[in-house]
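Chemist: Take this structure first; my questions come after.
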Amino acid sequence: MKTEKDERSDNLKYYVAASVLSADLLNIESELRRMENSGIDILHYDVMDGVFVNNISYGLPVLSQLSKAAKLPIDAHLMIIDPIKYVRRFAEAGADIISFHLESSSDTRKTIEEIRACGAKPALAIKPGTPAEAVYEYLPLLDMVLIMTVEPGFGGQSFIYDTVEKIRKVRSEIERLGLETDIEVDGGINPDTADITKKAGANVLVSGSCLFSSEDMAATANLIKEVPEC
Ligand code: DX5
Ligand code: ZN
């Protein structure tokens, strides 16, 4: 007999997103080919402004260059204080998905609308301390919810296990509403933590340090996105 969980695993498609922050930036073109040849589905591009998070990464000019050479879709994860101001420019620079934070100072609904108006897919991100319920009212408007499994700001941190229950709650609400919204998890993802989050309902798995430090990126990517056993 099929359990509710079996149904979920049958229906969900799993994707692995590589966090460019962990790539060898001096050799980005060969890194792009390595990702494409390793079964990576999405490029995850982390933008940090030194205000919303205590770190600065890269921004628009690097994305413009990258998107010209990349064959994979790009998810721009905006860890910036006022994302609505920059949505159009990120879309024009080549972002296919734009993920912004509920905790930012931009109006959530207007930012989602602006992302759609620019032809990109909107995703709403929440930090580990933000409850699941905070995203419920926006679910019908979104393509994806990004549940941070570390505090945003740095690659290479350890997975926060307390976030798993939140993934479960958001997936239940998506199912209750009859939606097909993706749930992305980001931070400390390796084959083991990927398995835990997939069983809880995540289906887009971001990985940085684990993917790029593995000798066989394709094998690691496969493990990260394989359908979980129930
Ligand atoms: C953290 C970033 C993540 C990070 C993931 O603020 O949003 O995307 O680069 O890297 P790992 O997989 O190393 O935790
Ligand atoms: Zn990220």
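The values are calculated or read from the model by the stated rules, or taken from the named source; none is laboratory data. Because the structure is predicted, anything quoted here is derived from the model rather than measured. Here the Cβ is made from the backbone with ideal geometry for all residues, glycine too, and neighbour counts use every protein chain on show. Each accessible area value is taken on the protein alone, full model and side chains, heavy atoms only, with ligands, DNA and RNA left out. Shrake-Rupley method; radii C 1.70, N 1.55, O 1.52, S 1.80 Å.
Chemist: hydroxyl-bearing (Ser, Thr, Tyr), under 17 Å from residue 121 (Cα atoms) and more than 9 Å from ligand 1 (Cβ to nearest atom): which single residue out of 163, 181 fits that description?
Modeler: The conditions single out 181.
Chemist: Separate question: Are any of the residues in region 40-59 open to solvent by 70 Å² or more (accessible area, probe 1.4 Å), over 28 Å from residue 222 (Cα atoms) and assigned to a strand (DSSP E or B)?
Modeler: Taking region 40-59 as the starting set, the residues that turn out to be open to solvent by 70 Å² or more (accessible area, probe 1.4 Å) are 51, 54, 56.
Pick out the ones that are also over 28 Å from residue 222 (Cα atoms) and you get 51, 54, 56.
From the residues that got through so far, the ones that are assigned to a strand (DSSP E or B) too are 56.
Yes: one or more hits.
Chemist: Run residue 54 past the list (1) under 19 Å from residue 127 (Cβ atoms); (2) within 18 Å of the chain's Cα centre (by Cα) and report the number of the one that doesn't hold.
Modeler: Failing condition for residue 54: (2).
Chemist: Residue 160 is checked against (1) over 24 Å from residue 54 (Cα atoms); (2) of a type in the set (A, V, I, L, M); (3) open to solvent by 30 Å² or more (accessible area, probe 1.4 Å) and fails just one. What number does that condition carry?
Modeler: Among (1) over 24 Å from residue 54 (Cα atoms); (2) of a type in the set (A, V, I, L, M); (3) open to solvent by 30 Å² or more (accessible area, probe 1.4 Å), the lone unmet condition for residue 160 is (1).
Chemist: To continue, here is another question. Is one or more of the residues making up region 58-73 touching a Pro at 6+ places or on another chain (Cβ under 9 Å), within 15 Å of ligand 1 (Cβ to nearest atom) and in contact (Cβ under 8 Å) with a residue 24 or more places away in the chain?
Modeler: First, the residues of region 58-73 that are touching a Pro at 6+ places or on another chain (Cβ under 9 Å): none.
Looking for residues that are touching a Pro at 6+ places or on another chain (Cβ under 9 Å), within 15 Å of ligand 1 (Cβ to nearest atom) and in contact (Cβ under 8 Å) with a residue 24 or more places away in the chain, one finds none in region 58-73, hence no.
Chemist: When region 101-113 is examined, which residues are found to be within 21 Å of residue 180 (Cα to Cα) and either without any contact (Cβ under 8 Å) to a residue 40 or more places away in the chain or open to solvent by 10 Å² or more (accessible area, probe 1.4 Å) (or both)?
Modeler: 102, 108, 109, 111, 112, 113 - these are the residues of region 101-113 that are within 21 Å of residue 180 (Cα to Cα) and either without any contact (Cβ under 8 Å) to a residue 40 or more places away in the chain or open to solvent by 10 Å² or more (accessible area, probe 1.4 Å) (or both).
Chemist: So residue 31 clears everything in (1) of a type outside the set (Phe, Trp, Tyr); (2) assigned to a strand (DSSP E or B); (3) out of contact with any helix residue (DSSP H, G or I) (no Cβ under 6 Å at 6 or more places or on another chain) except one condition, right? Which one?
Modeler: The failed condition is (2).
Chemist: Are there any pairs with C-beta distances below 6 angstrom linking a residue in region 11-26 that is buried (at least 19 other Cβ atoms within 10 Å of the Cβ) to a residue that is hydroxyl-bearing (Ser, Thr, Tyr) and part of a strand (DSSP E or B), with the two at least 6 apart or on different chains, and if so which?
Modeler: Pairs that qualify, where the first residue is buried (at least 19 other Cβ atoms within 10 Å of the Cβ) and the partner is hydroxyl-bearing (Ser, Thr, Tyr) and part of a strand (DSSP E or B), are 20/45.
Chemist: For region 82-135, which positions are closer than 25 Å to residue 18 by Cβ, of a type in the set (Lys, Arg) and over 19 Å from the mean Cα position of the chain (by Cα)?
Modeler: Listed by number, the list holds a single entry, 89.
Chemist: Restricted to region 61-78, and to residues that are assigned to a loop (DSSP other than H, G, I, E, B) and in contact with a helix residue (DSSP H, G or I) (Cβ under 8 Å, 6 or more places away or on another chain), which residue is surrounded by the fewest Cβ atoms within 10 Å (Cβ to Cβ)?
Modeler: 71
Chemist: Follow-up. Could you say which residue among 186, 96, 143, 195 is within 16 Å of ligand 1 (Cβ to nearest atom), within 28 Å of residue 71 (Cα to Cα), open to solvent by 20 Å² or more (accessible area, probe 1.4 Å) and among the charged types (D, E, K, R)?
Modeler: Selected residue: 195, the only one of 186, 96, 143, 195 that is within 16 Å of ligand 1 (Cβ to nearest atom), within 28 Å of residue 71 (Cα to Cα), open to solvent by 20 Å² or more (accessible area, probe 1.4 Å) and among the charged types (D, E, K, R).
Chemist: Kindly check whether there is at least one residue in region 79-86 that is among the aromatic types (Phe, Trp, Tyr), within 16 Å of ligand 1 (Cβ to nearest atom) and buried (at least 17 other Cβ atoms within 10 Å of the Cβ). Spell out the reasoning first.
Modeler: Start the filter on region 79-86 by keeping residues that are among the aromatic types (Phe, Trp, Tyr), which leaves 86.
Filter once more, so that each one left must be within 16 Å of ligand 1 (Cβ to nearest atom): none.
Among the residues of region 79-86, not one is among the aromatic types (Phe, Trp, Tyr), within 16 Å of ligand 1 (Cβ to nearest atom) and buried (at least 17 other Cβ atoms within 10 Å of the Cβ), which makes the answer no.
The rows are residues; the columns are (1) among the aromatic types (Phe, Trp, Tyr); (2) surrounded by fewer than 20 Cβ atoms within 10 Å (Cβ to Cβ); (3) over 21 Å from residue 97 (Cβ atoms).
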{"site": "165", "(1), (2), (3)": "no, yes, yes"}
{"site": "169", "(1), (2), (3)": "no, yes, yes"}
{"site": "173", "(1), (2), (3)": "no, yes, no"}
{"site": "177", "(1), (2), (3)": "no, yes, no"}
{"site": "181", "(1), (2), (3)": "no, no, no"}
{"site": "201", "(1), (2), (3)": "no, no, no"}
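Chemist: Follow-up question, since we're still on this one. Answer yes or no: is there a residue in region 119-127 that is touching a His at 6+ places or on another chain (Cβ under 9 Å) and open to solvent by 10 Å² or more (accessible area, probe 1.4 Å).
Modeler: Yes, region 119-127 contains at least one residue that is touching a His at 6+ places or on another chain (Cβ under 9 Å) and open to solvent by 10 Å² or more (accessible area, probe 1.4 Å).
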